Amino acid sequence: MNPMKPIQSISPERLPELLRRMPKAELHMHIEGSLEPELMFALAARNGLTVPYDDVEALRRAYVFGNLQEFLDIYHAGTMVLRCEQDFYDMTWAYLQRAAADHVLHTEIFFDTQTHTGHGVSADVVISGLHRACVDAQAQLGISASLILCFLRHLSEAEAFEALEQAMPHLDKLVGVGLASSELGHPPEKFARVFAKARGLGLHLVAHAGEEGPPAYIWSALDALKVERIDHGVQAMKDAALVARLVKDKIPLTVCPLSNLKLRVFPQLAQHNLVQMLDAGLVATVNSDDPAYFGGYVNENFTQTFAALQLTAQHAYQLALNSFEASFLDASVKLAYRHRLNEFFETFV
Ligand code: HPA
Ligand code: ZN
């Protein structure tokens, strides 16, 4: 069902406000990518560490990337300040406050443990800090948050199995597993067995595919990993048979426009293919990926993308609806959010 009041009656001048205030879910955001320079310096000081930049401004000036790998190198360096449970809590709490301010009602947060265990921080510390912030956010901010453990695809299958094993005591705190890090040269199929194991544990499955990598990586995320959602997936538009498959199976795509711009997947936002994706019938959503590095949280992604692509209130409704439909929420909760979205559009004046 659609809202009763025609969406077309919402004037284009009101669009930025509509985008900011509309209820939405965020399904693609790496918590380590929400670590703002100010908090990075504060955590470094608290832990007796130094950040290899003079100040916050100097660090921000370094956030210029030619591709995904250049970003990942800086992003991994930033994680070095995260040492104890409270650090992970503070980072997650900061993101959840910003998400709530953006009218995000539900968020599915990516994190990884391999980065942190690689420098001596246990998976228990990571997951406990993230989870405690999610619990507090539900109680204090009214926002629901679930956690998705990402395996790092540039590492081995054995290391992914080890990460899953270390997360086993915290299975009740996870909604799914994903696949992140350097895409080119690391096709998904290496992780078929670990994804099968995660599926057997009742976890949902997602994977980054078709960000920089070819459509073939999206095919193998679907067929070898059996994922339910594709993260990014913008390269799917190069393969008509793949688009047909994604439409037929209603596989959602978590698109991150400002990320695509900053990592030079598209030279300009005006050249982004989000409209073509929606026109093709794909269940696309808008997300922030690594908001501290890519110039904005989810509402900034919405407002800049809508301005660049001249999208309409009807697109806004579709994208917000897609965000709830594509989530791993229970069907009854999805329905409740759909009603809330309709009510928002009907009463937006
Ligand atoms: N792609 C792959 N891995 C990542 C990303 C991304 O955009 N952000 C954080 N890890
Ligand atoms: Zn991502």
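When H204, H208, H170 are screened for being buried (at least 23 other Cβ atoms within 10 Å of the Cβ) and either away from ligand 2 (no atom under 16 Å from the Cβ) or touching a residue at least 24 places away in the same chain (Cβ under 8 Å) (or both), only H208 passes. The set of residues from segment 58-71 being without any contact (Cβ under 8 Å) to a residue 12 or more places away in the chain and more than 21 Å from the chain's Cα centre (by Cα) comprises A58, R61. Within segment 173-184, is there a residue that is under 22 Å from A100 (Cβ atoms), away from ligand 2 (no atom under 16 Å from the Cβ) and surrounded by fewer than 18 Cβ atoms within 10 Å (Cβ to Cβ)? The answer is yes; a qualifying residue exists. Pairs, please: C-beta under 6 Å, at least 6 apart or cross-chain, first residue of a type in the set (V, I, T) and in segment 258-283, second more than 16 Å from ligand 2 (Cβ to nearest atom)? These pairs meet every condition: V275/L309; V283/K250; V283/N322. Put simply, of N67, N47 the only residue that is surrounded by fewer than 20 Cβ atoms within 10 Å (Cβ to Cβ), polar (S, T, N, Q) and within 28 Å of V206 (Cβ to Cβ) is N67. Residues in segment 71-87 include at least one that is polar (S, T, N, Q) and touching a helix residue (DSSP H, G or I) at 6+ places or on another chain (Cβ under 6 Å). Criterion applied to F306, F266 was being farther than 29 Å from Y337 by Cα and in contact with a His (Cβ under 8 Å, 6 or more places away or on another chain), and the one residue passing it is F266. Listed conditions (1) within 30 Å of L261 (Cβ to Cβ); (2) within 16 Å of ligand 1 (Cβ to nearest atom); (3) of a type in the set (A, V, I, L, M, F, W, C); (4) touching a residue at least 40 places away in the same chain (Cβ under 8 Å) are all met by V177, apart from (4). When segment 304-349 is filtered for residues that are modelled with pLDDT of 95 or more, surrounded by fewer than 14 Cβ atoms within 10 Å (Cβ to Cβ) and part of a loop (DSSP other than H, G, I, E, B), the ones remaining, listed by number, are Q310, D330.
The values are calculated or read from the model by the stated rules, or taken from the named source; none is laboratory data. The model shown is predicted, which means the values in this text are computed figures rather than measured ones. Cβ: placed from backbone, ideal geometry, glycine included. Neighbour counts: every protein chain shown.
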